[in-house]
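Participant: My questions all concern the structure below.
The values are calculated or read from the model by the stated rules, or taken from the named source; none is laboratory data. The model shown is predicted, which means the values in this text are computed figures rather than measured ones. Every residue, glycine as well, gets a Cβ built from its backbone with ideal geometry; the counts of neighbours run over all protein chains shown. Remember, those area values only see protein heavy atoms, side chains included, never the ligands or the DNA or RNA. Shrake-Rupley method; radii C 1.70, N 1.55, O 1.52, S 1.80 Å.
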Amino acid sequence: MLKFDVLIIGSGLAGMTLALHLAEHRKVALVTKRDLLEGSSTYAQGGIAAVLDTGDSVEAHIQDTLVAGAGLCNEETTRFIVEHSKEAIDWLIELGVPFTKDETHKTGYHLTREGGHSHRRIIHAADATGAAVTSTLGQKIKAHPNITLLEDHIAIDLITSKKLGQPGNRCFGAYVLDKQADEVRTVAAGHTILASGGAGKVYLYTTNPDTATGDGIAMGWRAGCRVSNMEFIQFHPTCLYHPHTKSFLITEAVRGEGGILRLPDGTRFMPAHDARAELAPRDVVARAIDFEMKRHGLDCVYLDISYKPASFIQEHFPNIYAHCLELGIDITKEPIPVVPAVHFTCGGLVTDLSGHTDVDGLYAVGEVACTGLHGANRLASNSLLECMVIGRAAANEILHTQPVELPAIPSWDDSRVTDPDEEVVISHNWDELRRAMWDYVGIVRTNKRLERALNRIKLLSEEINEYYSNFHVSNDLIELRNLVQTAELIVRSALLRKESRGLHYSRDYPDMLAEARDTTLSPGA
Ligand SMILES: Cc1cc2nc3c(=O)[nH]c(=O)nc-3n(C[C@H](O)[C@H](O)[C@H](O)COP(=O)(O)OP(=O)(O)OC[C@H]3O[C@@H](n4cnc5c(N)ncnc54)[C@H](O)[C@@H]3O)c2cc1C
């Protein structure tokens with residue numbers, strides 16, 4: 001058994017922020033299922049929203065967030081996060097993150113604009129902000145003597161007093177599969193943080209990396225946490241459409257800098273859908289693209305920035321330019337083929353402003369959580385900000401609590417399971433689940449489709465749980481069990497919402513109700 005003061009599950013921006021804030025005073029284990037830098041945070045392109053310019057204001061950023069969230073954002077959470085935005089960016093600058101500079105601007109940095117924002121307030125490192133942030137923080141993590149980094153370790157389930165047959169419900173760490181040694185370890189800790197990211201892989205097409213399998217949401221749910229607003233799945237309107245590339249995002253900033261969406265014949269279509277045209281929030285743009293693709297029977301639409309000077313495009317979007325060029329698309333001369341794909345999980349484990357969940361000693365920070373910031377639709381570039389502000393608040397709270405005495409914890413018991421006989425069960429169910437979610441729980445929903453999805457999910461769930469009870473765990477099995485659990489929570493939440501709001505659009509209930517309510521599910525209810 002490994003013992004730490006704090007166990008952090010996930011090494012994206014949320015996990016890294018917590019680790020660095022805690023490590024001066026606590027022994028920290030940072031467990032991550034691939035390598036340190038693999039996760040959505042590293043793939044973030046556009047940047048981080050923050051109130052940095054004197055011409056901008058906290059009130060304006062809050063207002064933009066509330067408008068995008070379609071009446072469902074928690075105002076207290078939104079204010080808390082936006083008010084701490086400058087402090088979060090100052091911390092990154094102090095650590096040495098190389099944000100793109102602009103000597104002509106009074107902040108000294110180039111601030112870009114994205115859909116739904118009323119000001120230029122997105123600080124960025126060219127078009128690879130996430131990589132610049134996580135590689136800078138990652139170096140500090142690797143060098144820190146109080147942080148034990150366990151790469152290639154996947155958390156299976158949380159250890160709670162309830163599961164140990166003791167009173168109350170407090171978390172004492174997790175069982176974790178060391179993938180290289182193929183051995184389950186007990187990682188015990190007084191405080192545990194789920195920083196395991198979102199669940200984009202529940203769907204067939206997503207901009208998310210392979211790590212985004214809803215593990216933290218499913219683990220938290222099994223441990224006794226409530227989830228909220230799981231029906232709000234954000235589709236990014238512009239994912240590159242090309243047979244030889246997987247999940248490559250064309251950042252919002254391309255539209256922010258003047259990119260125009262066109263049909264194959266060159267017709268611009270966004271002004272007919274929304275007065276804000278290409279700068280409308282993501283759900284509006286994604287639905288418009290979905291509508292045009294279905295109406296004209298298209299495989300994709302086109303995003304055109306080629307009318308801008310080539311030097312401007314190469315300077316602002318060097319990675320997108322290079323990646324497209326490798327595929328034979330010169331974006332300085334021709335439009336980019338794009339389709340919508342699942343991008344962000346707005347809902348998650350219910351937490352307060354310090355990342356506290358319903359289970360004592362258990363926190364959830366980042367995309368795994370539902371703090372109320374994103375409401376029914378996330379405003380672009382608010383999520384990295386949330387990782388840092390709530391991460392810091394959770395660390396502060398943990399630093400102000402007494403160290404916890406750990407109980408005796410039994411080792412992982414695999415005496416009654418054997419090696420899997422038919423691995424095809426995993427790959428088949430994985431594909432079936434993701435396709436069912438894509439076909440029946442997509443951008444436009446109906447009761448009938450949701451019920452179809454739920455029926456399939458129930459069957460898949462039974463089969464996967466039976467497999468899990470009988471065979472040794474593996475990375476794919478752990479992820480599939482979590483995917484199916486997360487899918488069920490999304491569909492159940494979608495069925496409960498009898499209106500269309502933000503990212504949830506139902507043909508059976510096309511109108512928005514006067515009162516905005518969270519959809520909250522409780523385990524065991
Ligand atoms: C392509 C792309 C572009 C984006 N661009 C932006 C942007 O410009 N601005 C913005 O604000 N947001 C952006 N987002 C969203 C943002 O990147 C994410 O919401 C944010 O990075 C989530 O951070 P996180 O720390 O919660 O999770 P992640 O960064 O996804 O990290 C999760 C970590 O948990 C680990 N993990 C998961 N399950 C387990 C387990 N069972 N055991 C152990 N480890 C586990 C993963 O390996 C990973 O290390 C983008 C997202 C994508 C996919």
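Participant: How far is helix 13-22 tilted, in degrees, relative to the longest principal axis of the Cα atoms in the chain, given as a value from 0 to 90 rounded to the nearest 10?
Facilitator: 50
Participant: Averaged per residue, what accessible surface does the stretch 424-507 expose to a 1.4 Å probe, in Å²? Could you put the intermediate results ahead of the total?
Facilitator: On the way: 3430 Å² over 84 residues.
Counting only protein heavy atoms, the per-residue value for the stretch 424-507 is 41 Å².
Participant: Explain nothing, just compute: Karplus ³J(HN,Hα) = 6.51 cos²θ - 1.76 cosθ + 1.60, θ = phi - 60°, for every residue of the stretch 302-319 in order, whole Hz, x for Gly and Pro.
Facilitator: Each residue's phi maps through the Karplus curve to give 10, 10, 10, 10, 5, 6, 7, x, 4, 5, 4, 5, 5, 6, 7, 10, x, 6 Hz.
Participant: What is the Cα centroid distance between the stretch 1-52 and the stretch 166-187, reported in whole angstrom?
Facilitator: Centre-to-centre distance over Cα atoms comes out at 18 Å.
Participant: Can you find, among Thr17, Ala181, Leu37, the residue farthest towards the positive end of the dipole of the chain? Put +1 on the C-beta of Lys and Arg, -1 on that of Asp and Glu.
Facilitator: Thr17
Participant: Give me, ordered by chain and number, the residues 5 or more places off Ile260 or on other chains with an amide H under 5 Å from its own placed amide H.
Facilitator: Distant-sequence amide H within range of Ile260: Asp304, Ile305.
Participant: Show the residues, 5+ positions off or on another chain, whose built amide H is closer than 5 Å to the amide H of Phe172.
Facilitator: Excluding prolines and chain starts, which carry no amide H, the hits are Ile159, Thr160, Ser161.
Participant: Test of understanding: what is the full-extension gain from Leu204 to Leu406, defined as 0.36 nm times their sequence separation minus their Cα-Cα distance? Before the final figure, lay out the partial values.
Facilitator: On the way: separation 202, 0.36 × 202 = 72.72 nm, distance 4.13 nm.
Computed gain between Leu204 and Leu406 is 68.6 nm.
Participant: Express in nm, to one decimal, how much length is gained between Lys458 and Asp274 on full extension, taking 0.36 nm for each residue of separation and deducting their alpha carbon distance.
Facilitator: Working: separation 184, 0.36 × 184 = 66.24 nm, distance 3.87 nm.
62.4 nm is the gain from fully extending Lys458 to Asp274.
Participant: Turning to a different aspect of this structure: Between their Cα atoms, which of Lys140/Lys201; Lys106/Lys246; Lys142/Lys179; Lys201/Lys458 are more than 28 Å away from each other?
Facilitator: Beyond 28 Å: Lys140/Lys201; Lys106/Lys246.
Participant: Continuing with this model, one more query. With every protein chain in place, what's the accessible area of Thr186 (1.4 Å probe, Å², nearest 10)?
Facilitator: Its accessible surface works out to 10 Å², give or take rounding.
Participant: Looking at the chain, what % of its DSSP beta bridges pair antiparallel, to the nearest 5?
Facilitator: Working: 37 of 62 bridges.
Bridges in the chain are about 60 percent antiparallel.
Participant: Let me ask another. Would you mind checking the radius of gyration and Dmax of the chain based on alpha-carbon positions, in Å?
Facilitator: Cα-based Rg and Dmax for the chain come out at 22.2, 68 Å.
Participant: Counting heavy atoms of the protein chains only and a 1.4 Å probe, report the per residue accessible area for the stretch 236-342 as a whole number of Å². Show your work: numbers first, answer last.
Facilitator: Working: 4570 Å² over 107 residues.
Per residue, the stretch 236-342 has an accessible area of 43 Å².
Participant: If you plug each phi of the stretch 407-413 into the Karplus form 6.51 cos²θ - 1.76 cosθ + 1.60 with θ = phi - 60°, what whole-Hz ³J(HN,Hα) values come out, in order, with x for Gly and Pro?
Facilitator: x, 6, 10, x, 5, 4, 9
Participant: Would you mind estimating how fast the stretch 424-507 diffuses translationally, via Stokes-Einstein at 4 °C and 1.567 mPa s with the Kirkwood radius over Cα pairs, in µm²/s?
Facilitator: On the way: Rh = 13.3 Å.
The Stokes-Einstein estimate is 97 µm²/s.
Participant: Between Ile93 and Glu466, what FRET efficiency follows from the Cβ-Cβ distance if R0 is 56 Å, with the result rounded to 0.05? Let's see the in-between values first.
Facilitator: On the way: r = 52 Å, r/R0 = 0.92.
The pair Ile93/Glu466 has a calculated efficiency of 0.60.
Participant: What net charge do the residues around Pro264 carry, taking every other residue with its C-beta under 11 Å from that of Pro264, with Lys and Arg at +1 and Asp and Glu at -1? Before the final figure, lay out the partial values.
Facilitator: Working: positive: Arg262; negative: Asp265, Glu292, Asp299.
Local net charge: -2.
Participant: Give me the percent of Cα-Cα pairs in the stretch 138-190 that sit more than 16 Å apart, rounded to a whole number. Can you show the working numbers first?
Facilitator: Working: 730 of 1378 pairs.
When all Cα pairs of the stretch 138-190 are counted, 53 percent exceed 16 Å.
Participant: At 0.36 nm per residue, and after removing the present C-alpha to C-alpha distance, how many nm does the segment from Leu327 to His244 gain when stretched out fully? Mind showing how you got there, number by number?
Facilitator: Values: separation 83, 0.36 × 83 = 29.88 nm, distance 0.76 nm.
Net length gain for the segment: 29.1 nm.
Participant: Quick check: Cα centre of the stretch 134-161 to Cα centre of the stretch 484-501, how many Å?
Facilitator: The distance from the Cα centre of the stretch 134-161 to that of the stretch 484-501 comes to 32 Å.
Participant: Follow-up question, since we're still on this one. Please turn the phi angles of the stretch 348-362 into ³J(HN,Hα) values with the Karplus equation 6.51 cos²θ - 1.76 cosθ + 1.60 (θ = phi - 60°), one per residue in order, whole Hz, x for glycine and proline.
Facilitator: My calculation for the stretch 348-362 gives x, 5, 5, 9, 9, 6, 9, x, 4, 9, 6, 9, 4, x, 10 Hz in order.
Participant: Hey, can you grab everything whose amide H is under 5 Å from the amide H of Leu249? Only 5+ residues off in sequence or another chain; H modelled, so Pro and N-termini drop out.
Facilitator: The answer is Leu240.
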